[in-house]
Amino acid sequence: MKMAVLDFGKTNSKLFVFGQDGRIVDERRTKPDWIRKGSLSVLDEAALHDWALDAVDEAADAHGIGGLMVSGHGCTFALVDDTALTHPILDYEQEPPADIAARIDRRIPDFAETFSPRLPLGFNYGRHMLWLKEVEPGAFSAAKAILGYPQYWSWRFGGRAVSEVSYLGCHSHLWAPRKRDFSSLVDAEGWRGQMPAFARAGAVTGERRFGRAGKPVAIHNGVHDSNAALHAYRRQDLGPVTVVSTGTWVIVLNPDCPLEALDRERDMLVNVDVDGGPVPTIRFMGGREFAVISGDWQGVIAPASIQRAIEAGTMAVPSFAPGGPLSGRTGEIVGPVSDAEERAAVALLYVALMIDLSLDLIRSSNTVIVDGGLNTGGLLAALLAALRPGQPFRQGATLEGSATGAAALAFESVGREFAAETPEPVRAADFKGLDRYRDDWRGLIAGRHIARAAAGAAQ
């Protein structure tokens, strides 16, 4: 049996076909379009649907897939009636107008209830729900169901409308992890009745025929992408692990961190795993920041370029995107940059140093698994292993941990074995002066923090 996985990312969307041995036997890629509708930025859902439908049809014809699973990025919701959206899907990278933000932010539950810090834009999608309800109340009154982004796509392709806990529990303001129930915001806004019954990620929720032959394909309930990556590794009995899932966001998940260690001012929060358990998490927009710092570098970064950046003392200091543990600062590059590749090296060093700091804040001392597109070639994992020599590091056998975890959930739900490859041990990189570079970077950050605090006090 083969399984198709639609992995909808904010920047890139992909279809993978998995065999039961865990190997990817085919793939397709596209970029979602975010377009203007009046004053709002929304998803071009029709274009993404048409691409996905063509990709699944091709997978059915070429590989005889037996199931379709979805993995999706966070921060996004969909309102649907019996057949369609009642409003286009909002782009989470937009801030409500100040007067509306002042009203809706007063209704957000406390961190102690939801473990969702108050973040800008739509990084808490309950905030964007409040915004949309203010400006388009008819979209809510017409909606039969409020769906998480992966659940929307599972429904769109023929599944039932269902809820799923890893997505609802993803810093949404909608979930109370300790109670394992909806937050007070859901009841205050009267949304509980629009939340469908729960189904576990991967559960079969419908069936549809695809391809020229009209082959019946099971539709599986989708999953939050970073929690899928966590599941991919926890199911392998590797012992306690911290998962560093990289893409547009770098998400660092350490189930062993005590909840009391979470600092709402550092973009630390509780995610919820596919079985409803709390997963302490810290995150920053590492993929976006890498693109900004590097000038959208797409090539290989040679270790020699990393060494030159270290020797020159050139470093990027935060932040280059909203959110993260060092938010509220304006990012800049300090020191000389000789060429485009060295600028990319500075960007990768920045991501590594931010992850290193995040691992400290999330109290990670167990095995760290580095996964996702920023670890292409293994250089990011090797840098982290060098920065933290007392901690074991592994890296995903593929770069697609989210899709792999999603495939595992779907195969498991129908009683099929799924033998994903074990993550490989990482050999630490050997860069001279890396520890001093890290100390200088942290000193710069501390100095900027002191200066910022002093400026605030003087106002």
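The values are calculated or read from the model by the stated rules, or taken from the named source; none is laboratory data. None of the values given here were measured: they were computed from a predicted structure. As a convention, Cβ positions derive from the backbone with ideal geometry for all residues, glycine included, and neighbour counts pool all protein chains shown. When the accessible area is computed, the model is the full protein with side chains, heavy atoms only, and any ligands, DNA or RNA have been set aside. Shrake-Rupley method; radii C 1.70, N 1.55, O 1.52, S 1.80 Å.
If the condition is being surrounded by fewer than 16 Cβ atoms within 10 Å (Cβ to Cβ) and within 17 Å of A381 (Cα to Cα), then the stretch 304-313 contributes only A304. Of all residues in the stretch 110-142, exactly one satisfies the criterion of being touching a Ser or Thr at 6+ places or on another chain (Cβ under 8 Å), part of a loop (DSSP other than H, G, I, E, B), more than 14 Å from Q94 (Cα to Cα) and open to solvent by less than 10 Å² (accessible area, probe 1.4 Å), namely S116.
Residue by residue, here is whether (1) open to solvent by 40 Å² or more (accessible area, probe 1.4 Å); (2) in contact with a helix residue (DSSP H, G or I) (Cβ under 8 Å, 6 or more places away or on another chain); (3) at pLDDT below 95; (4) not aliphatic (A, V, I, L, M) holds:
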residue	(1), (2), (3), (4)
K31	yes, no, no, yes
R36	yes, no, no, yes
S39	yes, no, yes, yes
A47	yes, no, no, no
W51	yes, no, no, yes
V56	no, no, no, no
A60	no, no, no, no
G64	no, no, no, yes
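Only one of (1) assigned to a loop (DSSP other than H, G, I, E, B); (2) touching a strand residue (DSSP E or B) at 6+ places or on another chain (Cβ under 9 Å) is not met by S154, so which one is it? It fails just one condition, (1).
Of the residues examined, E412 is one that is assigned to a helix (DSSP H, G or I) and surrounded by fewer than 24 Cβ atoms within 10 Å (Cβ to Cβ).
Hey, does the stretch 66-73 have a residue that's of a type outside the set (G, A, S) and open to solvent by 20 Å² or more (accessible area, probe 1.4 Å)?
Initially, the stretch 66-73 is screened for residues of a type outside the set (G, A, S), giving 68-70, 73.
Going one step further and asking which of them are open to solvent by 20 Å² or more (accessible area, probe 1.4 Å), we end up with none.
Within the stretch 66-73, not a single residue is of a type outside the set (G, A, S) and open to solvent by 20 Å² or more (accessible area, probe 1.4 Å).
Scanning the stretch 250-298 for residues that are touching a Phe, Trp or Tyr at 6+ places or on another chain (Cβ under 8 Å) and among the basic types (K, R), we see that the one that is surrounded by the fewest Cβ atoms within 10 Å (Cβ to Cβ) is R264. Pairing each residue of the stretch 38-66 that is farther than 30 Å from W131 by Cα with any residue that is of a type in the set (G, A, S) and assigned to a helix (DSSP H, G or I), provided the two are 6+ apart or on different chains, yields C-beta distances under 8 Å for I65/A59.
Looking only at the stretch 277-291, count every residue that is more than 14 Å from A340 (Cβ to Cβ) and among the hydrophobic types (A, V, I, L, M, F, W, C) and tell me the total.
Filtering the stretch 277-291 for residues more than 14 Å from A340 (Cβ to Cβ) gives 277-289.
Right, trim to among the hydrophobic types (A, V, I, L, M, F, W, C) and you get 279, 282, 284-285.
Qualifying residue count, the stretch 277-291: 4.
Among the residues of the stretch 371-385, the ones that are more than 28 Å from M1 (Cβ to Cβ) and crowded, with 20+ Cβ neighbours inside 10 Å come to 8 in all. For the stretch 6-31, which positions are assigned to a loop (DSSP other than H, G, I, E, B) and either within 24 Å of A291 (Cα to Cα) or of a type in the set (D, E, K, R) (or both)? Of everything in the stretch 6-31, those that are assigned to a loop (DSSP other than H, G, I, E, B) and either within 24 Å of A291 (Cα to Cα) or of a type in the set (D, E, K, R) (or both) turn out to be G9, K10, T11, N12, D21, R23, K31. Taken together, S364, S402 contain a single residue that is part of a loop (DSSP other than H, G, I, E, B), within 15 Å of L253 (Cβ to Cβ) and touching a residue at least 60 places away in the same chain (Cβ under 8 Å), which is S364.
For A316, which of the numbered conditions (1) part of a helix (DSSP H, G or I); (2) buried (at least 20 other Cβ atoms within 10 Å of the Cβ) fails to hold? Here A316 clears every test but (1).
Within the stretch 28-37, restricting attention to residues that are touching a residue at least 12 places away in the same chain (Cβ under 8 Å) and closer than 18 Å to G122 by Cα, the residue that is farthest from the chain's Cα centre (by Cα) is K37. Note on the stretch 220-247: residues that are surrounded by fewer than 24 Cβ atoms within 10 Å (Cβ to Cβ) and either of a type outside the set (K, R) or under 15 Å from the mean Cα position of the chain (by Cα) (or both) amount to 6. Is it the case that some residue within the stretch 332-342 is open to solvent by less than 40 Å² (accessible area, probe 1.4 Å) and under 20 Å from the mean Cα position of the chain (by Cα)? No, every residue in the stretch 332-342 fails to be open to solvent by less than 40 Å² (accessible area, probe 1.4 Å) and under 20 Å from the mean Cα position of the chain (by Cα).
Every residue, every condition in (1) in contact with a strand residue (DSSP E or B) (Cβ under 9 Å, 6 or more places away or on another chain); (2) closer than 21 Å to A347 by Cα; (3) touching a residue at least 40 places away in the same chain (Cβ under 8 Å); (4) in a helix (DSSP H, G or I), yes or no:
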residue: G193; (1), (2), (3), (4): no, no, no, yes
residue: G202; (1), (2), (3), (4): yes, no, yes, no
residue: H231; (1), (2), (3), (4): yes, no, yes, yes
residue: L269; (1), (2), (3), (4): yes, no, yes, no
residue: D296; (1), (2), (3), (4): no, yes, no, no
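For P97, are the conditions met, namely being open to solvent by 20 Å² or more (accessible area, probe 1.4 Å), out of contact with any strand residue (DSSP E or B) (no Cβ under 8 Å at 6 or more places or on another chain) and over 23 Å from L399 (Cα atoms)? Yes; evaluated as a whole, the condition is true for this residue.
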